[in-house]
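A short reminder: the numbers here are calculations on the coordinates, not readings from a lab. Just so you know, these numbers come straight off a predicted model, no measurement behind them. Note: ideal-geometry Cβ built from the backbone for every residue, glycine included; neighbour counts use all protein chains shown.
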Amino acid sequence: MSTIHGTIRGGKVVFDTPPDLPDGTRVVVDLVAPSVEESLPDDDGNSPEAIEKRLALMDQFQAWMTPEEFAEWEKMRAEDKAFQLSQWEKWNQEAAESWE
C-alpha cells in the first residue's frame with residue numbers, strides 16, 4: 001500500500017496526482033492536521049477572519065509547564081530579581097570605579 005495525497009474540495013477528494021487505481025477501489029482517508037504555515041492567515045491583516053484564524057492556531061498549543069512548575073519558576077524569578085536589586089548599588093559603584 002502507498003500513500004496518496006489530496007485535498008477536499010467541494011466535498012470530494014482531489015488528488016495531488018491522479019492515482020493509478022481502477023474504478024471501484026475502496027480507500028481509507030486519514031485526516032492530516034494542517035501545518036503551521038497552512039494555518040496562518042494569508043496576510044498580516046487585522047480582519048476578523050485573520051484574527052479568528054490566529055486565535056484558533058494559538059488554542060492548539062499545549063502548556064509546557066504544569067501549574068506547579070510554573071509556580072516554582074515564578075518563585076525563582078522573584079528570588080533572582082530580589083537578589084539583583086539588592087546588588088544594584090554595589091554593581092553600579094564597581095562599574096563607575098572602572099571608568100575613573
State which residue pairs qualify: first residue surrounded by 10 or more Cβ atoms within 10 Å (Cβ to Cβ) and inside region 73-100, second residue not in a helix (DSSP H, G or I) in any location, beta carbons under 7 Å apart, and separation of 6 or more residues or different chains.
Trp73/Met65
When region 6-19 is examined, which residues are found to be touching a Ser or Thr at 6+ places or on another chain (Cβ under 8 Å) and assigned to a loop (DSSP other than H, G, I, E, B)?
Asp16
